[in-house]
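These notes concern the structure reproduced below.
The values are calculated or read from the model by the stated rules, or taken from the named source; none is laboratory data. Predicted model only: the values in this text are computed from it and were never measured. Quick reminder, even Gly has a Cβ in these numbers, built from the backbone with ideal geometry, and neighbours come from all protein chains shown.
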């Protein structure tokens, strides 16, 4: 089982405040995704020492209302340490962990785990970058990003599976 991870946050640095965390299990050579997924809205109160960038707040203000409402909804928020524990339970079962780009999601999550003195639930060699794979097929149709972390995981999974199939990749190490 592979896992696609996506987060939404209030900045771009490793210590950024996290709004939502999502992970979706899948087979890179299959179609679609498995039932195992994780989605959490993270309470801002549990992240008082994490950073917020004004430019990112301004960017969120330009997003459609439905996107902002999901990312900033007050209900069902949990503390960051609890969200990390929930995510970690799924990551421990993964063979590879994918994210969109090599420096955003995983760096922020690594910083968060370390800030709670929690062990990382992945090994460095497990992390993969889906954006680099997408670039190998420049003509691939690119569905729009929704900025709903779980929906974006599923979008990225579809694009990754399509690219691997297009490139006739049958094995990953």
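Name, by its number, the condition in (1) touching a helix residue (DSSP H, G or I) at 6+ places or on another chain (Cβ under 7 Å); (2) free of Cβ contacts under 8 Å to residues at least 60 places away in the same chain; (3) part of a helix (DSSP H, G or I) that does not hold for residue 160.
Here residue 160 meets the rest and fails (2).
If residue 136 passes every condition in (1) in contact with a strand residue (DSSP E or B) (Cβ under 7 Å, 6 or more places away or on another chain); (2) over 16 Å from residue 32 (Cβ atoms); (3) modelled with pLDDT of 95 or more but one, which one does it miss?
That leaves (1) as the condition not met.
If a residue has to be farther than 24 Å from residue 145 by Cα, in contact with a helix residue (DSSP H, G or I) (Cβ under 9 Å, 6 or more places away or on another chain) and not in a helix (DSSP H, G or I) to count, how many in region 77-93 make the cut?
2
Which pairs turn up if I take residues in region 136-154 that are surrounded by 14 or more Cβ atoms within 10 Å (Cβ to Cβ) and look for partners that are at pLDDT below 90 with beta carbon separation below 6 Å, at least 6 apart in sequence or on another chain?
152/145
Since residue 118 meets every condition but one in (1) over 14 Å from residue 9 (Cβ atoms); (2) touching a strand residue (DSSP E or B) at 6+ places or on another chain (Cβ under 8 Å), which condition does it not meet?
So the condition that residue 118 fails would be (2).
Tell me, which residue of region 120-135 that is assigned to a helix (DSSP H, G or I) and in contact with a helix residue (DSSP H, G or I) (Cβ under 7 Å, 6 or more places away or on another chain) is surrounded by the fewest Cβ atoms within 10 Å (Cβ to Cβ)?
It comes out as 134.
With respect to the numbered conditions (1) under 16 Å from residue 5 (Cβ atoms); (2) assigned to a helix (DSSP H, G or I); (3) in contact with a helix residue (DSSP H, G or I) (Cβ under 8 Å, 6 or more places away or on another chain), which one is the sole condition not fulfilled by residue 108?
For residue 108, the failing item is (3).
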